[in-house]
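Here's the structure we're looking at; comments come further down.
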Amino acid sequence: MTYETVRQIDPAVASALTSERERQNETLAMIASENHVSQAVMEAQSSELTNNYAEGYPGGRYYGGCEYADDVEQLAIERAKELWGAEHVNVQPHSGSQANMAVLMSVLDPGDTILSLDLMHGGHLSHGHPANAAGKLYDVVQYEVDSETGRLDYAGLDELARDVEPDLVISGFSAYPREVDWEAIQESADSVGAYHLADIAHITGLVAAGEHPSPVGIADFVTGSTHKTIRSGRGGLIMCREEYADDVDAAVFPGIQGGPLMHNVAGKAVGFGEALDPEFDAYAAQVVKNAEALAETFELRGLSLVSGGTDTHLVLADLRPSHPETAGKDVEAALEEAGIVLNANTVPGESRSAFNPSGIRVGTPALTTRGFEEAEMRQVGNLIADVVDAPNDDDVIEGVSAQVDELTDAYPLYD
Ligand SMILES: *Cc1c(COP(=O)(O)O)cnc(C)c1O
């Protein structure tokens, strides 16, 4: 997009938008939750549907003029059903956090108890962090990953569930590199009569493509982000069995939202359509292969990986064993200077702080969209390791930056 009209009306915003496009074109996006959507998804997201008020659901709106909004939302719903095999889908949540809040609202009363993974261990704010609405409305007890293995401790979770007797258990994580056993968590929830919400925000695309086992049909509720590995319009979605459909829909609207962002729903419909193409399955498989190649490279370079590797789209490196003096934030800043964008992240048994943690989280969805395969990932892995070894060395950063330029030139992104 050239933003010609914006430039005429508003040069300041146009300049920022153009700079952002250049930034994305010229840097390597390795934030595990990010991706690059297609031109088609961006066009749909900037459509006239941004003007509509479409409170309600297809066929039952509170306003007129929703004929085409209905078409778009129905397409998004049908495609989502096909992608994930869900009985009921709500595509209106403005974000993954809203999707989670709506599920909690649909079955819990304030003061009920949630059992969820600690944020420091890879959980998410919306799973009941004290600063989040869920943390203020509900009693929250948190489980942790095994500090030795970095993996979910299913037996420990089961014991805790029996002890706490929660009303709802949340699974699904932001910084967990391994496959999740949804059935094991479902059994723990069942044993105490709790609901189970599986939040597949990060791995929606991997689940749709069969690269990660699906919780749909196992958990009572499945929520997701629509802009992460699934690479569609920005927002969230909720999937559930038909028996919960009315309560979930009412919790989204009028429970916590007003008019849906129909232009984003159009972006979701287009992105879901793209994901139904067999090419998307190849993409998702490559995302995982690329993460494996990255993990192997890190290990060869002496970095310690939480859980010892990955089954997904992300790698979590704990810098403490190999680089005890190096903070994640310093590595994040040095890498950004070199054109590689990722985030510092807490690791199990964190000894620094949430704001300046000891690890880095590195994801492959965006670079795989760009066309990177294992060879490029190994090159990028070595570049990251070079900077981790010498975050204050300007010559190293300059050298890495030159190689980033070559890679981004070889794999162009947006016109
Ligand atoms: C990203 C994420 C979400 C949703 O985030 P939004 O920014 O609100 O879309 C929810 N849960 C988990 C586990 C996540 O990683």
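None of the figures in this text is laboratory data; all of them are computed from the coordinates on show. This one's a predicted model, so the numbers in the text were calculated from it and none came from an experiment. Ideal geometry is used to build each Cβ from the backbone, glycine not excepted, and the neighbour counts take in all protein chains shown.
Based on the alpha-carbon gyration tensor of the range 46-170 and its eigenvalue square roots a ≥ b ≥ c, which shape applies: rounded if a/c is under 1.5, prolate if not and a/b is larger than b/c, or oblate?
prolate
Which FRET efficiency, nearest 0.05, do Tyr53 and Glu4 yield, Cβ-Cβ r, R0 22 Å?
Once rounded, the FRET efficiency stands at 0.15.
Sum up the charges of everything whose Cβ sits under 14 Å from the Cβ of Asp139, counting Lys and Arg as +1 and Asp and Glu as -1, but leave Asp139 out.
-4
Write down the percent of antiparallel bridges among all DSSP beta bridges whose residues are both part of the chain, to the nearest 5.
Roughly 55 percent of the DSSP beta bridges within the chain come out antiparallel.
Shape of the range 280-410 from its Cα gyration tensor (a ≥ b ≥ c, root eigenvalues): rounded if a/c is under 1.5, otherwise prolate when a/b > b/c, or oblate?
Oblate.
Evaluate the relative contact order of the chain (contact order divided by residue number), counting alpha-carbon pairs under 8 angstrom at least 6 apart; express in whole percent.
Once normalised by length, the contact order is 22 percent.
Treating only the Cβ of Lys, Arg, Asp and Glu as charged (+1, +1, -1, -1), what charge dipole size does the range 280-410 show about its Cα centre? Round to the nearest 20 debye. Numbers along the way, then the final one.
Values: 8 positive and 24 negative charges, 117 e Å.
Magnitude of the dipole: close to 560 debye.
For a quick check: with amide H placed at 1.01 Å from N, whose amide H comes under 5 Å from Ser304's, ignoring anything fewer than 5 positions away on the same chain?
Sorted by chain and number, the residues that satisfy this are Asp318, Ser322.
For Glu336 and Glu26, compute 0.36 nm times the residue count separating them, minus their Cα-Cα distance, and round to one decimal in nm.
110.5 nm
Mean residue ellipticity at 222 nm from the helices of the chain, using -39,500 (n - 2.57) per DSSP H segment of n ≥ 4 over the full residue count, to the nearest 500 deg cm²/dmol?
The per-residue figure over the chain is -13500 deg cm²/dmol.
Take the alpha-carbon centre of the range 166-187, take the same for the range 23-89, and report the distance between them in whole Å.
With the range 166-187 and the range 23-89 each reduced to a Cα centre, they are spaced 27 Å.
Within the range 332-374, report the GluC sites (Glu not before Pro) that DSSP leaves as loop and that have at most 16 other Cβ atoms within 10 Å.
Here the GluC sites (Glu not before Pro) that fit, given the DSSP loop and packing criteria, are Glu373.
Report the net charge of residues surrounding Val287, where surrounding means a beta-carbon distance below 12 angstrom and charges are Lys +1, Arg +1, Asp -1, Glu -1. The partial results should precede the final answer.
Working: positive: Lys228, Arg231, Lys289, Arg370; negative: Glu211, Asp281, Glu292, Asp311, Glu373, Glu374.
Every neighbour counted, the sum reads -2.
From the phi angles alone, apply the Karplus equation (6.51, -1.76, 1.60; θ = phi - 60°) to the range 282-298 and give each ³J(HN,Hα) in whole Hz, x where the residue is Gly or Pro.
With the stated coefficients, the range 282-298 comes to 5, 4, 4, 4, 5, 4, 6, 4, 5, 5, 5, 5, 5, 4, 4, 5, 4 Hz.
Rounded, prolate or oblate: pick one for the chain, where a ≥ b ≥ c are the square roots of the eigenvalues of its C-alpha gyration tensor, a/c under 1.5 means rounded, and failing that, prolate if a/b is larger than b/c, else oblate.
oblate
Please list 3J(HN,Hα) in residue order for the range 141-146, calculated via the Karplus relation 6.51 cos²θ - 1.76 cosθ + 1.60 where θ = phi - 60°; whole Hz, with x for glycine and proline.
Working through the residues one at a time gives 10, 10, 9, 10, 7, 5 Hz.
What does the net charge come to around Gly122 if you take all other residues with beta carbon closer than 13 Å to its beta carbon, with K and R at +1 and D and E at -1?
Numbers: positive: Arg151, Arg178, Arg361; negative: Asp118, Glu144, Asp146, Asp153, Asp199, Asp318, Glu350.
After counting each charged neighbour, the total is -4.
Excluding same-chain residues fewer than 8 positions from Lys268, which lysines have a Cα within less than 25 Å of its Cα?
Filter leaves Lys81, Lys228.
Counting only residues 5 or more places away or on other chains, whose amide H sits under 5 Å from the amide H of Ala32 once H atoms are built in the peptide plane?
Asn343, Gly363
Measure off 7 Å from each Cα along the Cα-to-Cβ vector at Ala40 and Val192, then give the distance between these two points in nanometres to one decimal.
Simple spin-label model gives 4.6 nm for this pair.
In nm, give the distance between the simple-model label positions of Glu242 and Leu17, each being 7 Å from the Cα along the Cα-to-Cβ direction.
4.4
The range 348-415 to the range 272-343: how many Å between their Cα centroids?
The range 348-415 and the range 272-343 have Cα centres separated by 8 Å.
Once phi is turned into ³J(HN,Hα) by the Karplus curve 6.51 cos²θ - 1.76 cosθ + 1.60 with θ = phi - 60°, what whole-Hz value does each residue of the range 200-213 show in order, with x for glycine and proline?
Each residue's phi maps through the Karplus curve to give 9, 2, 6, 10, 3, x, 5, 5, 4, 8, x, 8, 9, x Hz.
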